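Report on the following structure.
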Amino acid sequence: MNIVVMAYIDSNLGDDLMIDILFKKYNNHTFYVLGASDKKYFKNKYPNIKVIRLRELCKYIFILHGIVVIGGSLFQDYKEGYEGYHLRNTILKWFKILRKKVCIMGINIGPIYTDECMKLFKKTFENSNYISVRDKKSYEILKENNIYNCNCYPDIVFNYQDDNIIKNINKDKLGISIINYCRNVEYKQQYIDKIVELINKYLIENVNKTIYLFAFNSGNENDAEVIDVIFEKIIEKDKVSRVIYNGNIDEFLEYYKKCFFIIGTRFHSIILALKYKIPFIPIIYSIKTDNLLDDIKYNSTRYYYNSMNEFNIEQILNAIDSAESFKIKGEYTNLSKGHFNYLDSILINNK
C-alpha cells in the first residue's frame, strides 16, 4: 500500500525514532513523506520512502490508500497562530472525503489555551479513523470532547529495537540532556547558569568522572546552541563531551546507554532513561513530561525549566551518588505496541 506520512521533521531524535519504527515495521509498503527537506537522507536510509512536497499531493492522490499523522507534540496551542493546523485539517478532510484511511498516532494533546484551538483539533479528530495518544490526560481530553475512536498507550519509542547496541554503562559517565527552548526564552539564562553550576561542582567533587551533554535536536530548535554556551562556562572542559544528534540514531544511543545517570530536559531523554533503566532526574519544560511521570506514578523530585531557582544542586548530587533507577513494569512498555494495532489491521491483515 501507499501511505502519506505527516510528521515533525527537524533532526529531532524523538520524532525520528518514531518514524524509524514506522518505516521499518512496514518495510514492504511505500511511504510518501510530506514536506521533508532532506530528501537524500530519507532515500539513503529507507528504500521504501518517497519525499514529496505538498503541491505534489494531487499528483499521487489516486494511488494513495491513506495518511498517517505520527508524532508527539503535534497538538498544542501556539501563539504564532493556527495556519498550519487549518492546512492539516484540509488535507485530512480531503482524504476522508475520498474514503482513504486517516490515522493519528502517538500524540499528546496540550497545552491548549483557547476554545478556537480546541475546536480546530476536534475537527482534525473527527476526520480520523483512528487516534492513539501517549498519556491518560490526552485520552481524557478526547473523551471530554466526545471523540471515541481513540486509545491510550505508552510512548511509541518504547518499541524501538536496538539489540545491536550493546548496553555498556560506565559508572563514570553522567548524561545531561539540554534543551534550547525557544518558546520560553525568559528563563533560558537561569537554566544555563544552574546547569553550569551543577557541572562545575560535580566535576570538582568527582575527579574521575566525565559528562556527556546531549543535544536531541540539531535542526531549527538546535539544542547545540545552548550546549555551546554552557560549554564555554565549564571549568574542566576536558571532562565534558558534546553529543549532538546528527541523524544517526544508533550512534547517539550508543553514547546514551553508557551513562549511569541522566539529568533530562528533553521528553525523550526521560523515555530513554526508563527504557534503558537508567536513574534520572527530570527538568520539566512541558506538561507532556508531567503527564508521563503521573502515568508511571513517579513520586520523586521534579524540577521545572521556568523555576530553576528551585534547582537544588546538593539534592541532585546526592541523588546521583545513590543512583537508584525508577522501575516500570515490562508490561507497561509492551503496551506501547498498541499504537500500531490499527495499521497492522490495514497493512498486515489487509482489513
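Table: residues versus (1) β-branched (Val, Ile, Thr); (2) under 24 Å from TYR153 (Cα atoms); (3) touching a residue at least 12 places away in the same chain (Cβ under 8 Å).
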position	(1), (2), (3)
ILE249	yes, yes, yes
LEU293	no, yes, yes
GLU314	no, no, no
GLU324	no, no, yes
LYS337	no, yes, yes
ASN341	no, yes, yes
Going by the conditions given, is THR301 out of contact with any Ser or Thr (no Cβ under 6 Å at 6 or more places or on another chain), in the same structural domain as LEU213 (by TED's automatic domain parsing) and at pLDDT below 95? yes
Answer residue from the range 207-222, given it is part of a loop (DSSP other than H, G, I, E, B) and touching a residue at least 12 places away in the same chain (Cβ under 8 Å) and is farthest from the chain's Cα centre (by Cα) among those: ASN208
Conditions (1) surrounded by fewer than 16 Cβ atoms within 10 Å (Cβ to Cβ); (2) of a type outside the set (D, E, K, R); (3) in contact with a Phe, Trp or Tyr (Cβ under 6 Å, 6 or more places away or on another chain); number of the one not met by LEU120: (1)
Can ILE271 be described as buried (at least 24 other Cβ atoms within 10 Å of the Cβ) and among the hydrophobic types (A, V, I, L, M, F, W, C)? yes
Which helices (runs of 4 or more DSSP H) sit wholly inside the range 242-351 and have at least 2 residues that are among the aliphatic types (A, V, I, L, M)? 249-256, 267-275, 287-295, 313-322
Flag if ASN170 is at pLDDT below 95, more than 26 Å from ASN220 (Cβ to Cβ) and either over 22 Å from the mean Cα position of the chain (by Cα) or surrounded by fewer than 22 Cβ atoms within 10 Å (Cβ to Cβ) (or both): yes
With the condition kept exactly as written, say whether any residue in the range 227-241 is surrounded by 17 or more Cβ atoms within 10 Å (Cβ to Cβ) and under 20 Å from ASN306 (Cα atoms). yes
Please enumerate the residues belonging to the range 44-69 that are free of Cβ contacts under 8 Å to residues at least 40 places away in the same chain and assigned to a loop (DSSP other than H, G, I, E, B). TYR46, PRO47, ASN48, ARG53
Just need a number here: residues in the range 148-167 that are at pLDDT below 95, surrounded by 12 or more Cβ atoms within 10 Å (Cβ to Cβ) and of a type in the set (A, V, I, L, M). 1
Find the residue count for the range 277-292, including only residues that are surrounded by fewer than 19 Cβ atoms within 10 Å (Cβ to Cβ) and closer than 25 Å to GLN161 by Cβ. 2
Are there any pairs, at least 6 apart or on different chains, whose C-beta atoms fall under 7 Å, with the first in the range 270-289 and among the polar types (S, T, N, Q) and the second crowded, with 24+ Cβ neighbours inside 10 Å and assigned to a helix (DSSP H, G or I), and if so, which? SER286/PHE267; THR289/PHE267; THR289/ILE270
Take residues that are in contact (Cβ under 8 Å) with a residue 24 or more places away in the chain, more than 18 Å from SER286 (Cβ to Cβ) and not assigned by TED's automatic domain parsing to the domain that holds ASP295 and tell me which of the helices (runs of 4 or more DSSP H) falling wholly in the range 82-179 contain 2 or more. 83-97, 115-126
Give just the number: which of (1) loosely packed, with under 13 Cβ neighbours inside 10 Å; (2) of a type outside the set (Ser, Thr, Tyr); (3) within 30 Å of ASP344 (Cα to Cα) does ILE131 not satisfy? (1)
The one condition in (1) buried (at least 22 other Cβ atoms within 10 Å of the Cβ); (2) in contact with a Gly (Cβ under 9 Å, 6 or more places away or on another chain); (3) not in a loop (DSSP other than H, G, I, E, B) that GLY72 fails to fulfil: (3)
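The values are calculated or read from the model by the stated rules, or taken from the named source; none is laboratory data. Please read all numbers here as calculations on a predicted model, not as lab measurements. Note that each Cβ is placed from the backbone with ideal geometry, even for glycine, and that neighbours are counted across all protein chains shown.
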